[in-house]
Structure formats: structure tokens, C-alpha cells
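J.: Let me give you the structure first, and then I'll get to my questions.
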Amino acid sequence: MFALSGRFARQPRIAHASVRTHLVHGDADAVMPVQAAVDALTQLQALGAVATLDRIHGLGHGIDQRVVDAIVRRLEDPSPAAI
């Protein structure tokens, strides 16, 4: 599962072992601050989820080639290890 420039409406209470979650967020996002993604990563990992966060330097609230590249890199990575 991928989440782009977002946040949880409600904090998750359980993690599904078979789901890898990849968060991608610009660190210059003024609409949805990157801290929301950091908090989501922390919550998911506390629940035992396999979760990663790619912070895109200088990106505001949007999608550019670096986001696409991060998604492709995560899709090609067979490792469930979180970063």
C-alpha cells in the first residue's frame, strides 16, 4: 500500500502482517506537513507493521518524478525491512 502526502483520519489500532505500507511525503508540504507522515510511520511501527517513509526534499504538496521513482524503488524491493 502507498500513501502520498497524507495522514490518518484516525490512528490505526491494528497492523496486518501481510501489508507493507510505504509513505511518501514532501518535506516542504505546507498543506499537509511532513510530521503527519512521521507520526503515521511511528504509529504503524508501534503496531508491528512493516512501514517505510520516503521524505522528498524540497517537495511541496504534490507528486513529481522523485515520488514516482520512490514508488518504483519500493515496488522492486523484495525486502520487508522497514527504514
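The values are calculated or read from the model by the stated rules, or taken from the named source; none is laboratory data. Here the structure is a predicted model, which means the values were calculated and not measured. Surface accessibility is based on the protein's heavy atoms, side chains included, excluding ligands, DNA and RNA. Shrake-Rupley method; radii C 1.70, N 1.55, O 1.52, S 1.80 Å.
J.: Where a ≥ b ≥ c are the square roots of the eigenvalues of the C-alpha gyration tensor, would you call the chain rounded, which needs a/c under 1.5, or, failing that, prolate if a/b is larger than b/c, or oblate?
T.: Since a/c reaches 1.5 but b/c is at least a/b, the shape of the chain is classed as oblate.
J.: Of all the accessible heavy-atom surface of the chain, with the other protein chains kept in place and a 1.4 Å probe, what percent is carbon and sulfur?
T.: The C+S portion of the solvent-accessible surface of the chain is 58 percent.
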